[in-house]
């Protein structure tokens, strides 16, 4: 490294063509293709022999397109998306800060805007009778110990079977499906009845038939949940805001406006997060022209992995242990001694604090019953900061909400799954506009060289 390189401002860092190609995961000639398409700008330095590229611009393109490796056949997997950008500890949906969206709009409003580009104030998503009946019957037939993710996966399959038009992939048909599928998934989950475990509550509701008059109940706009002079929406109302509907499936504790605001904000913030594992699975399915229900089913399958959707549950259990033991020190020590990462801390896409966690922690300050769990989370962060530069991520913030409101450990995963369904639909709509079956990288064979003897 030269003296000039040492003194150079990091923000002015220029990359060679090879360095840019390595960061993007493509061949050098592809870098020049990006230049010709206006996706990158190049510059020749005085006395230099080749083009150079702005490091920040290259990194932004890598985040938008996803890092990808050239396939063995010489082609490459290019993932173009205009949905989410993660940049400098901020997350943006179509260029708008997600924290601002969560502060001013409901989940349904942001989902509709993400799909169509139109912000429709007060929009509500309603479950159709046939799909909801099929989903509930299928879910009610599951064993009593069945978890929420299993119920959601069964519900989406049942709803698909009830929709003979599911193979229509026109934009209008996909949007109609999206607006009805999300509330169907929520309404198919059993309510949490006071004084009874959720499985018992679900079984009793199934035996009673869970009257269909729920479908006509009224509700209020989710963004008005904090207005003290207005009554809270009836919990379980199937045409009101989605947050109160979901609340009654997550906890038997009464809802209050500040807590509902946190839940609604969490739904908004979790709608999408670039090409996470479940989103990539969704785009592969959409590339094969799978219908929207199959798209969501693919997302649920990847989300159900221990390294994806289950993270908030680990943070939930950790906070309960901190509250039980009265200090985070011993709990953190136990995790580190066992060689485990402390749940709810750190994120590979954010050098600093996860902006989603930052937004939720600010809202949780207004929830009185969240104070013990908030203090426990701060204790974990402070204790760990003595040794590791790990900041809070959204899983820790979700855990504060679920612990404070009497939700089970898997509630965070349920919130995540319902919220992310809207983002998966947005990615499917994008992928439907791309050439079909483009998500087909070539395998790099590493087995025995043929010919081999017949086994």
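The values are calculated or read from the model by the stated rules, or taken from the named source; none is laboratory data. Quick caveat: nothing in here was measured; it's all calculated off a predicted structure. Quick reminder, even Gly has a Cβ in these numbers, built from the backbone with ideal geometry, and neighbours come from all protein chains shown.
Return yes or no: is residue 121 more than 22 Å from the chain's Cα centre (by Cα), touching a residue at least 12 places away in the same chain (Cβ under 8 Å) and not in a loop (DSSP other than H, G, I, E, B)? Can you show your working first?
Values: more than 22 Å from the chain's Cα centre (by Cα): yes; touching a residue at least 12 places away in the same chain (Cβ under 8 Å): yes; not in a loop (DSSP other than H, G, I, E, B): no.
When the stated conditions are applied, residue 121 does not pass them.
Among the residues of segment 383-415, which ones are within 20 Å of the chain's Cα centre (by Cα) and over 21 Å from residue 252 (Cβ atoms)?
Selection gives 391, 392, 393, 394, 395, 396, 397.
Anything in segment 170-181 that is over 21 Å from residue 416 (Cα atoms) and touching a helix residue (DSSP H, G or I) at 6+ places or on another chain (Cβ under 6 Å)? List them, or say none. Show your work before the answer.
So in segment 170-181, the residues over 21 Å from residue 416 (Cα atoms) come out as 170-174, 176.
Result: 174, single match.
Considering only residues that are over 13 Å from residue 61 (Cα atoms) and in contact with a helix residue (DSSP H, G or I) (Cβ under 9 Å, 6 or more places away or on another chain), look in segment 31-48 and name the one that is modelled with the lowest pLDDT.
Across segment 31-48, the extreme among qualifying residues is 32.
It is to be established whether one or more residues within segment 283-293 are in contact with a strand residue (DSSP E or B) (Cβ under 7 Å, 6 or more places away or on another chain) and either modelled with pLDDT of 90 or more or on the phi < 0 side of the Ramachandran plot (or both).
Checked against the condition, which is being in contact with a strand residue (DSSP E or B) (Cβ under 7 Å, 6 or more places away or on another chain) and either modelled with pLDDT of 90 or more or on the phi < 0 side of the Ramachandran plot (or both), segment 283-293 yields no hits at all.
Given the structure, is residue 441 touching a helix residue (DSSP H, G or I) at 6+ places or on another chain (Cβ under 8 Å) and either free of Cβ contacts under 8 Å to residues at least 60 places away in the same chain or not in a helix (DSSP H, G or I) (or both)? Can you show your working first?
Working: touching a helix residue (DSSP H, G or I) at 6+ places or on another chain (Cβ under 8 Å): no; either free of Cβ contacts under 8 Å to residues at least 60 places away in the same chain or not in a helix (DSSP H, G or I) (or both): yes.
No: the conditions fail for residue 441.
Residues 331, 296: which one is more than 20 Å from residue 395 (Cβ to Cβ), in contact with a helix residue (DSSP H, G or I) (Cβ under 7 Å, 6 or more places away or on another chain) and at pLDDT 95 or above?
296
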